[in-house]
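First the structure, in the form of structure tokens, and then the observations on it.
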Protein chains: 2
Amino acid sequence: MAFARLAILPTYKVVSDTIEREILAGRLNAGDILPTETELADQFGVTRHTVREGIRILEQSGLVRREAGRRLYVAEPHYGDLAPRLSRAMVMQRVTFRELWEVSMDLEPSAAAHAAGRIDASRLAQLRANVEATEEAITAGASIIPLDVAFHILVAEAAGNRALLLAREPVTQLFYPALERLFRHPKTSAVGPRRLVEAHRRIVEALADGDAEVAREWMRKHMVDFRRGYDTAGLDLDEALDPTAAPPAAPPPRR
Amino acid sequence: MAFARLAILPTYKVVSDTIEREILAGRLNAGDILPTETELADQFGVTRHTVREGIRILEQSGLVRREAGRRLYVAEPHYGDLAPRLSRAMVMQRVTFRELWEVSMDLEPSAAAHAAGRIDASRLAQLRANVEATEEAITAGASIIPLDVAFHILVAEAAGNRALLLAREPVTQLFYPALERLFRHPKTSAVGPRRLVEAHRRIVEALADGDAEVAREWMRKHMVDFRRGYDTAGLDLDEALDPTAAPPAAPPPRR
DNA sequence: CATTGTTCGTTTGTTGGACAATTGAAATAT
DNA sequence: ATATTTCAATTGTCCAACAAACGAACAATG
């Protein structure tokens, strides 16, 4: 017979795994304050420094959080925490615009369709406000990209599907720089914004009517327009995304 | 007027950010060996402990790696590293089977369709082998779930879209425990496996013919079957997934 | 009375130095 | 040439200490 390889883990990893298990098992719930580093070190029978290394790991996966200098508490990992890392992975793997677009071509129309049956009045109002703000931004000559991004997030949230939200987030984060180049380009800056806001408006109307198929179809057209604009601007669909174009930075932590 | 919040970061975070920037800027490339902890500490002018905490952060995001006890080197973050964390986030947010299924209903048929135009001979052979192995497992009464998971991964890889691969990975990881319960259930264990392998076979044929629409359609049917089985087994679509059902564990690291 | 300064105990952030365990490679013996 | 045995380098862990920041309570100031 033969023994399997032993899973020998460094102590700091054992520490983080142990705390993680308690959280996932529900014995520690979101919001609970964890013991201090010194107490944890005493309880585990290790040095405080080892505990700290374990905590760094947990922080990174979003399971625990600390407002700098203050006590540690259990948190629910939010997709916002994970999306930047996914985006980075895609950048480093030289993912192309075409790949991102293909995925969005599946997820965005589907999000619109699901949203049609589930959207509530509050979010519908937010979407309407977003469309108006976009029109104002166009006449004012301001950037409409943050508004566009916000529009799509609102639709995805209205779809009431957190798995969908999680799947689309890193993809659309990477669209950001591409969008900027697109709308600065002379060939697309003329009609592009008008077509965009027209599509947005139609989608909102369809959502208000609860018409899933119309919502899906206009979102699909909207995405096709996006790709066409990319073509028209002379950008290469199969080129890796700009590695320097980092995703929008998170606000500095409270301290 | 008002000042913006100061971005005061702890030293270990500055350390990890600094190294991260070098990697993302391409001045450090995958495979490069980093200086030793002591050297890093000297260069940055901080203690080795501080450097170590920074390293823990980088390791966690997959940018650097170390085979236990050995030197640190730059690595390309792989989605395989990130998917488990996404799955965990979904579990903690009490994502339901319905949400996962909706996303898969978009991504899996689309993956099949894309694969139809892009699959190569080698992967096609792997898929054929997978289907045969699945049939053998059925007659032998063994579990077909690992084979099913492998089948879908193969199709997704054949689609030649890394963003798609990344988006679907955490979702299907969470299907694993649901699949197990499904195929152990008396009502589905009788015909379920036969229908599954039939669908798989049709999909492979369509891929071999390069027929995207047939591939998409059979994958869609396959996914509908999955959901129907879930219903038939009397499981609740809108119940949160089992938090104890952890995603399959990674093999222990070499040491 | 609202704001500002002071004090104090608690907890995190950082430093110093130390040593065991492991690894990779060089040196030695077979 | 192949094992085996050193040996220096490097990581993993520990111990002890102190600076920095925070929360709260309270005094001082205008």
TODO: For residue A:72, list long-range residues whose amide hydrogen, built 1.01 Å from N in the peptide plane, is under 5 Å from its own amide hydrogen.
DONE: A:34
TODO: List the distances, in nm to one decimal, from the label point of residue A:236 to the label points of the same position in every other copy, shortest first, placing each label point 7 Å from Cα along the Cα-to-Cβ direction.
DONE: 5.4
Open item on the list: What does the copy distance list look like for residue B:118, label position 7 Å along Cα→Cβ, in nm and ordered from shortest?
Closed with: 2.7
Task: Size of charge dipole - the stretch B:11-74 - debye, nearest 20, with Cβ of Lys, Arg +1 and Asp, Glu -1, no other charges - done: 120
Task: Inter-copy label distances at residue B:25 (7 Å, Cα→Cβ; nm, one decimal) - done: 4.6
- [ ] Please list, in chain and number order, the residues 5+ apart from residue B:64 or on another chain whose amide H is under 5 Å from its amide H, with Hs placed from the backbone.
- [x] B:59, B:75
- [ ] Rounded to whole Hz and in sequence order, give me ³J(HN,Hα) for the stretch B:99-112 from the Karplus expression 6.51 cos²θ - 1.76 cosθ + 1.60, θ = phi - 60°, writing x for Gly and Pro.
- [x] 5, 4, 5, 4, 5, 5, 5, 7, 7, 5, x, 5, 4, 4
TODO: Evaluate the charge dipole of the stretch B:80-232 about its Cα centre and quote only its size in Debye, nearest 20, assuming +1 on the Cβ of each Lys and Arg and -1 on the Cβ of each Asp and Glu.
DONE: 500
Task: For the stretch A:8-82 and the stretch B:72-140, distance of Cα centres in Å - done: 30
Open item on the list: Suppose each label sits 7 Å from its Cα in the direction of the beta carbon; what would the residue B:140-residue A:121 distance come out to in nanometres?
Closed with: 6.1
Task: chain A: most fluctuating residue of A:49, A:78, A:185 per GNM, C-alpha cutoff 10 Å - done: A:49
TODO: Tabulate in residue order the Karplus-calculated ³J(HN,Hα) for the stretch B:5-15, using 6.51 cos²θ - 1.76 cosθ + 1.60 with θ = phi - 60°, rounded to whole Hz; enter x for Gly and Pro.
DONE: 4, 6, 8, 8, 10, x, 4, 4, 6, 4, 4
Open item on the list: Taking θ = phi - 60°, what integer Hz values does the Karplus form 6.51 cos²θ - 1.76 cosθ + 1.60 yield along the stretch A:198-207, in sequence order, with x for Gly and Pro?
Closed with: 4, 4, 4, 4, 4, 5, 4, 4, 4, 5
Task: Expected 222 nm ellipticity per residue - DSSP helices of 4 or more, -39500 (n - 2.57), all of the protein assembly as shown, to 500 - done: -22000 deg cm²/dmol
- [ ] Grab the beta carbon distance between residue A:67 and residue A:153, set R0 = 30 Å, and tell me the FRET efficiency rounded to 0.05.
- [x] 0.75
TODO: With the full set of protein chains in place, find how many percent of the accessible area of the stretch A:79-232 is carbon and sulfur; take the probe as 1.4 Å.
DONE: 52
Open item on the list: From the Cα trace of the stretch A:20-151, what convex hull volume per residue do you get, rounded to a whole Å³?
Closed with: 204
- [ ] State to the nearest 20 debye the size of the charge dipole of the stretch A:1-156 about its Cα centre, where the only charges are +1 on K and R beta carbons and -1 on D and E beta carbons.
- [x] 560
Open item on the list: Checking the a/c ratio against 1.5 first, then a/b against b/c, what shape does the Cα gyration tensor give for the stretch B:80-232?
Closed with: oblate
- [ ] With 20 Å bins from zero, work out the P(r) of the protein assembly as shown over every alpha carbon pair and list the percent per bin.
- [x] 20, 53, 27, 1
- [ ] May I have the convex hull volume per residue, in Å³, for the Cα set of the stretch B:11-74?
- [x] 75
Task: Dipole of chain B, positive direction: furthest Cα of B:87, B:12, B:152, with charges on the beta-carbon - done: B:12
Open item on the list: Could you give me D for chain A, from Stokes-Einstein at 37 °C and 0.692 mPa s, where the hydrodynamic radius is the Kirkwood radius over C-alpha pairs? Units µm² s⁻¹, please.
Closed with: 157
Open item on the list: Just to confirm the number: angle between the C-alpha axis of helix B:121-140 and the first principal axis of chain B, 0 to 90 degrees, nearest 10?
Closed with: 60
Open item on the list: Please list, ordered by chain and number, the residues whose modelled amide H lies under 5 Å from the amide H of residue A:96; skip anything fewer than 5 residues away on the same chain.
Closed with: none
- [ ] Compute the long axis of helix A:48-60 from its Cα atoms, compare it with the longest principal axis of the Cα atoms of chain A, and write down the angle in degrees, 0 to 90, nearest 10.
- [x] 20
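The values are calculated or read from the model by the stated rules, or taken from the named source; none is laboratory data. In this text the structure is predicted, and so the values were computed from the model without any measurement. Glycine gets a Cβ as well: all are built from the backbone with ideal geometry, and neighbour counts include every protein chain shown. The area values use the complete protein model at the heavy-atom level, side chains included, leaving out ligands, DNA and RNA. Shrake-Rupley method; radii C 1.70, N 1.55, O 1.52, S 1.80 Å.
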